[in-house]
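Notes to accompany the following structure.
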Ligand SMILES: Cc1ncc(COP(=O)(O)O)c(C=O)c1O
């Protein structure tokens, strides 16, 4: 018998000393650190959300539609307009942010004795989903220009035999979009994987995280185009970025109906509140205005890339609403110099690089001014 020690908890050993994930939430005039849309919802959008949420509130004594089928239908229609790919509501899954969608994917297809493979540098939450679902995390590497070499990807998949392969396009924090032939090479290797405790021939699931897809440049395709031929492919999206609804917490994916059915098994009952479903459906009624706004953010991004290059800085090619730029011997000093001038960006990614989100023209002007002053000061 051991003597009980007050204050001790039976914490899982892999969680000991771990900090909760999250960028600093500081009260600063110019927030360019978490890739949000800088524009708040318009009065029209706010009015529709308020009316539809009020209607939903009248039914709050009842649990919500746990299948969220009307919302999934609206999301299918939106993806059809956005990418030209026809999808049925049963091919869409939705949850509280694409964070939760990704967790569902690993709960269903990862787990003890299984492996998830991704390619770094990439989104820093992925290893945490792996840890929380007892899935082994393996990171292959991205090339110097942050693309993924198809040969390397296939080697890693053949060596590790993962049950889930996670590709990010456009990638965070680098902004890099993947050409479809790379995704196709990964899909072919995934189909040959032998997954522990899975039926013979099941192959691995390939997830393409397209959180930033709406910001991709003309001619850059979406992996949605590959869905019809690949039942083990899932393409995740979010309303947190282009939609300007990070506070809503609504992420979703498109996949085969069979893959979606597997996610329905692991979700909590009624995981999407009636309020969330109503607000998301209301926001989806306004996609026309959204398209104009996204186009102007893309232009703003391209102009920012040109300006940073004109300052003699290295800038990663970007199809997202942020820019990775460098390289700095002491990136912390630069980050701090900007913060001292009221501009918060993100110290993230490979050593020497910093990431800035695309803001309004006024915010970008403040960023440029603060960067010019700080670089002068540090030189
Ligand atoms: C690549 C990537 N995927 C997913 C997410 C999570 O987004 P959500 O707000 O939908 O949970 C982010 C957020 O920054 C991201 O950068």
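Considering each of 170, 162 in turn, give the residue that is buried (at least 17 other Cβ atoms within 10 Å of the Cβ) and either touching a residue at least 60 places away in the same chain (Cβ under 8 Å) or outside the structural domain of residue 223 (by TED's automatic domain parsing) (or both).
170
Does the range 354-372 hold any residues that are within 14 Å of residue 325 (Cα to Cα) and in contact with a strand residue (DSSP E or B) (Cβ under 9 Å, 6 or more places away or on another chain), and which are they?
354, 355, 356, 357, 358, 367, 371
It is to be established whether one or more residues within the range 267-285 are touching a helix residue (DSSP H, G or I) at 6+ places or on another chain (Cβ under 7 Å) and not in a helix (DSSP H, G or I).
yes
Those residues that are within 16 Å of the ligand (Cβ to nearest atom) and part of a loop (DSSP other than H, G, I, E, B), I need them from the range 170-211; list them, please.
Those that are within 16 Å of the ligand (Cβ to nearest atom) and part of a loop (DSSP other than H, G, I, E, B): 170, 171, 172, 173, 174, 175, 176, 177, 178, 210, 211.
Based on this model, can you work out whether residue 378 counts as in contact with a helix residue (DSSP H, G or I) (Cβ under 9 Å, 6 or more places away or on another chain) and modelled with pLDDT under 95?
yes
Which of the residues belonging to the range 229-244 are more than 13 Å from the chain's Cα centre (by Cα) and either within 9 Å of the ligand (Cβ to nearest atom) or free of Cβ contacts under 8 Å to residues at least 60 places away in the same chain (or both)?
229, 230, 231, 232, 233
In the range 228-244, what residues are touching a strand residue (DSSP E or B) at 6+ places or on another chain (Cβ under 9 Å) and surrounded by fewer than 23 Cβ atoms within 10 Å (Cβ to Cβ)?
Once the filter is applied, which keeps residues that are touching a strand residue (DSSP E or B) at 6+ places or on another chain (Cβ under 9 Å) and surrounded by fewer than 23 Cβ atoms within 10 Å (Cβ to Cβ), the range 228-244 yields 230, 231, 232.
Scanning the range 212-223 for residues that are in contact (Cβ under 8 Å) with a residue 12 or more places away in the chain and away from the ligand (no atom under 16 Å from the Cβ), which turns out nearest to residue 320 (Cα to Cα)?
It comes out as 217.
Can you confirm whether residue 324 is under 27 Å from residue 68 (Cβ atoms) and either modelled with pLDDT of 95 or more or touching a strand residue (DSSP E or B) at 6+ places or on another chain (Cβ under 7 Å) (or both)?
Taking the combined requirement at face value, the residue does not satisfy it.
One residue is enough: does the range 12-24 have a residue meeting the conditions surrounded by 10 or more Cβ atoms within 10 Å (Cβ to Cβ), touching a strand residue (DSSP E or B) at 6+ places or on another chain (Cβ under 8 Å) and at pLDDT below 95?
yes
Criterion first (near the ligand (Cβ under 8 Å from one of its atoms) and closer than 18 Å to residue 108 by Cα) does residue 251 satisfy it?
yes
Could you grab me the full set of residues in the range 103-124 that are at pLDDT 95 or above and in a loop (DSSP other than H, G, I, E, B)?
Matches in the range 103-124: 110, 111, 112, 113, 114, 121, 122, 123.
What tally of residues in the range 80-106 results from selecting those that are within 15 Å of the ligand (Cβ to nearest atom) and either under 19 Å from residue 243 (Cβ atoms) or surrounded by fewer than 21 Cβ atoms within 10 Å (Cβ to Cβ) (or both)?
11
Quick one: which residue in 82, 100, 128 is out of contact with any helix residue (DSSP H, G or I) (no Cβ under 9 Å at 6 or more places or on another chain) and more than 24 Å from residue 270 (Cβ to Cβ)?
128
Tell me which of these residue 61 doesn't satisfy, since it passes every other one: (1) in a loop (DSSP other than H, G, I, E, B); (2) surrounded by 10 or more Cβ atoms within 10 Å (Cβ to Cβ); (3) at pLDDT 95 or above.
Looking at each condition in turn, residue 61 falls short on (2).
Any residue that is surrounded by fewer than 17 Cβ atoms within 10 Å (Cβ to Cβ), assigned to a strand (DSSP E or B) and either within 21 Å of the chain's Cα centre (by Cα) or at positive phi (or both) - is there at least one of those in the range 141-156?
Looking for residues that are surrounded by fewer than 17 Cβ atoms within 10 Å (Cβ to Cβ), assigned to a strand (DSSP E or B) and either within 21 Å of the chain's Cα centre (by Cα) or at positive phi (or both), one finds at least one in the range 141-156, hence yes.
Considering only residues that are away from the ligand (no atom under 12 Å from the Cβ) and under 15 Å from the mean Cα position of the chain (by Cα), look in the range 107-121 and name the one that is surrounded by the most Cβ atoms within 10 Å (Cβ to Cβ).
Filtering the range 107-121 for residues that are away from the ligand (no atom under 12 Å from the Cβ) and under 15 Å from the mean Cα position of the chain (by Cα), the one surrounded by the most Cβ atoms within 10 Å (Cβ to Cβ) comes out as 119.
Can you tell me which residues in the range 122-136 are surrounded by fewer than 20 Cβ atoms within 10 Å (Cβ to Cβ) and more than 16 Å from the ligand (Cβ to nearest atom)?
131, 134, 136
The values are calculated or read from the model by the stated rules, or taken from the named source; none is laboratory data. Small disclaimer: the values here were computed from a predicted structure and weren't measured. Neighbour counts are summed over all protein chains in view; Cβ atoms, including those assigned to glycine, are modelled from backbone coordinates with ideal geometry.
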